[in-house]
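The structure under discussion appears below in the form of structure tokens.
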Amino acid sequence: MKVRKRFLMVLSSAFFVVGCTDDAVTSNPKPEIKKVTSANQKIVGNQNQIMNHDRFEKLFEQMHEHLKIDHFQLKASTLGSDFTIIDRELSFSKRKWLTVDGTSDSASTQESLYFEDEKQTTQLSIHFAYTDHYIGEDMIQYPSNSGYNKLNQKLAKKSDLIIISYKNIVISVQQNTLSKIDPETTRLAVKRVIDELEKRK
């Protein structure tokens, strides 16, 4: 009997200790709270990096004046007042105009620069789109439509596109050519855009 009582006491003590240990481990969520807090602080910090529309327009003016791309000349731009009307359905029914408040009474949320080479056989279109959300500074997309057997390869090799983000601005650089695209040309144009953006920080 004494042995059996001791065995039961040892066994119940073991359950008690294990139960306390598990409870102690699960009731200590401090590391998770720190992570959430630091993520929230990061988001709040990013809100301060959003460019207002006046700064967006100023940035575009500086790009218009200073952006240079080797072997290409600036041929046209949207510098000045311009408005674009769209089908409301194409904006998820949010607006009818590509403007800050979606009406024709406010400023445009898109600007463009058009560069061409000397022979006018290759064109680089650089588009700046204003949003009111912080996106970050990164490459968003670099699609490739070449190499797919069922596609017309002659068409696939006539256009190239890279999309990057800068704060709350989306910037696309597109190359169109009468012959065959040179991906290095598109990459160089993006590099020049990034160099100019870095100067404006």
Of the residues that make up the range 173-181, is at least one surrounded by 17 or more Cβ atoms within 10 Å (Cβ to Cβ), in a helix (DSSP H, G or I) and without any contact (Cβ under 8 Å) to a residue 60 or more places away in the chain? no
Among residues of the range 158-172 being open to solvent by 20 Å² or more (accessible area, probe 1.4 Å) and over 17 Å from the mean Cα position of the chain (by Cα), the residue farthest from His127 (Cα to Cα) is Lys158
Against the condition under 18 Å from the mean Cα position of the chain (by Cα), surrounded by fewer than 18 Cβ atoms within 10 Å (Cβ to Cβ) and acidic (Asp, Glu), how does Glu111 come out, does it pass?
no
The residue from Thr122, Thr99 that alone is modelled with pLDDT under 95, buried (at least 17 other Cβ atoms within 10 Å of the Cβ), touching a strand residue (DSSP E or B) at 6+ places or on another chain (Cβ under 8 Å) and not aromatic (Phe, Trp, Tyr) is Thr99
Given the conditions (1) open to solvent by 50 Å² or more (accessible area, probe 1.4 Å); (2) of a type in the set (A, V, I, L, M, F, W, C); (3) at pLDDT 95 or above, every one holds for Leu155 apart from (3)
Those residues of the range 76-96 which are surrounded by 13 or more Cβ atoms within 10 Å (Cβ to Cβ) and either touching a Pro at 6+ places or on another chain (Cβ under 8 Å) or among the aromatic types (Phe, Trp, Tyr) (or both) amount to Phe83
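The values are calculated or read from the model by the stated rules, or taken from the named source; none is laboratory data. What you are looking at is a predicted structure, and each value in this text was computed from that prediction instead of being measured. Heads up, the Cβs are rebuilt from the backbone with ideal geometry, glycines too, and the neighbour counts pull from every protein chain shown. Calculation scope for accessible area: heavy atoms of the full protein, side chains included, ligands and nucleic acids excluded. Shrake-Rupley method; radii C 1.70, N 1.55, O 1.52, S 1.80 Å.
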